[in-house]
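Below is one structure; the comments refer to it alone.
The values are calculated or read from the model by the stated rules, or taken from the named source; none is laboratory data. What you see is a predicted model; the values in this text were computed from it and never measured. Here the Cβ positions follow ideal geometry from the backbone for every residue, glycine too, while neighbour counts run over all protein chains shown. Each accessible area value is taken on the protein alone, full model and side chains, heavy atoms only, with ligands, DNA and RNA left out. Shrake-Rupley method; radii C 1.70, N 1.55, O 1.52, S 1.80 Å.
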Amino acid sequence: MEVIIINKKILIIDDDKNICEILKIYLLNEGYEVEFAHDGSSGIDKAKEFKPNLILLDIMLPVISGWEVCKLMRNFTDVPIIMLTALDTMENKIEGLNIGADDYIVKPFEPKEVLARVNAHIRRQEGNGNKEEKTSSNATSVKFDNISIDLDKYEVILDGNVITGLKPKEVQLAHFFIANKNQVFSRDQLLEKVWGYEYFGGTRTVDVHINNLREKLASKNNKWEIKTIWNVGYKFETKEG
């Protein structure tokens, strides 16, 4: 396990320097390289310069809020972002997931919990990379009617047009649905199949990603839909004859 995480880089963006130092101790002990930024603007600059493998991002930041930082970062990086905040309402968590965060930890927290989540996301990154290597020689494109997805290019074409603005996990989720059309999957099954490993963020993230997919893949086509199966989960339902 140490070989997997060694030399991975973590960026902590938090104006509480004590929190930064405490987290740094735990992360260094696991073999991570750690850098800090103490306001939103500096955090964006540091992310571009340091190129971290994962970002721990406070929400209540000076200069630029964590919400805005997360949105701006998603224009140039897809690495996991774990939000750190004292805002613990469901609305805040959903907002964080909607703007591109991968996980959400409420303050005060135990440093060991943060470390466990960091390790899980890093392992997931490694696992996704291995999956892509294993399937690169196989067919990674799927198509149904007016939609096609190519995982080698991370490209989604709908009605002949390339759909921009999709997050990597949304592309993977859509690919999985089309490859397994008309099969019903629970939220836990989707987390296991698409996200992989243990997911600390809870099943609500599945709902958020599916709602985003429905909005971004809106089409006049009536031959398929991502359908909610109440009290069970979701499926990519087709209207084939």
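Of the DSSP beta bridges with both residues in the chain, give the percent that are antiparallel, rounding to the nearest 5. Working shown, then result.
Numbers: 18 of 35 bridges.
Of all bridge pairs located within the chain, approximately 50 percent are antiparallel.
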Quiz item: To the nearest 0.05, how large is the calculated FRET efficiency for Glu225 and Glu155 if R₀ is 30 Å and r is the Cβ-Cβ distance?
Solution: 0.90
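Subtract the Cα-Cα distance of Glu113 and Val184 from 0.36 nm times their separation in residues, and report this length gain in nm to one decimal.
Values: separation 71, 0.36 × 71 = 25.56 nm, distance 3.26 nm.
My answer for the length gained is 22.3 nm.
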Practice problem: Report the residue, chosen from Ile210, Ile25, Ile178, that carries the largest GNM mean-square fluctuation when the chain is represented by alpha-carbon nodes joined by springs under 10 Å. | Solution: Ile25
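If a/c stays under 1.5 just call it rounded; otherwise compare a/b with b/c (prolate if a/b is bigger, oblate if not). Do that for the range 1-81, with a ≥ b ≥ c from the square roots of the Cα gyration tensor eigenvalues.
Numbers: a/c = 2.42, a/b = 1.40, b/c = 1.73.
Because a/c hits 1.5 or more and a/b fails to exceed b/c, the range 1-81 counts as oblate.
Based on the Cβ-Cβ distance from Lys239 to Arg204, what FRET efficiency comes out when R0 is 22 Å, to the nearest 0.05? Before the final figure, lay out the partial values.
Numbers: r = 29 Å, r/R0 = 1.32.
Plugging the Cβ-Cβ distance into 1/(1 + (r/R0)^6) gives 0.15.
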Quiz prompt | Peptide ranges 60-67, 33-40 listed from the most packed, as the mean C-beta count within 10 angstrom indicates | solution = 33-40, 60-67
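Might you tell me the accessible area per residue for the range 1-94, computed with a 1.4 Å probe and given in Å²? Walk me through the numbers on the way to the answer.
Working: 4710 Å² over 94 residues.
I get 50 Å² per residue for the range 1-94.
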Practice problem: Starting from the Cα of Glu49, step 7 Å along the direction of its Cβ; do the same at Ala86; then give the gap between the two resulting points in nm. | Solution: 2.9 nm
Self-check item: Label-point gap, in nm, between Lys193 and Leu28 - each point 7 angstrom along Cα→Cβ
Solution: 4.5 nm
Quiz item: Counting Lys +1, Arg +1, Asp -1, Glu -1, what net charge surrounds Leu173 among other residues with beta carbon under 10 Å of its beta carbon?
Solution: +2
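Report, to the nearest whole %, how much of the accessible area of the chain belongs to carbon and sulfur atoms, 1.4 Å probe, protein only. Before the final figure, lay out each step's value.
Working: 5930 of 12260 Å².
The C+S portion of the solvent-accessible surface of the chain is 48 percent.
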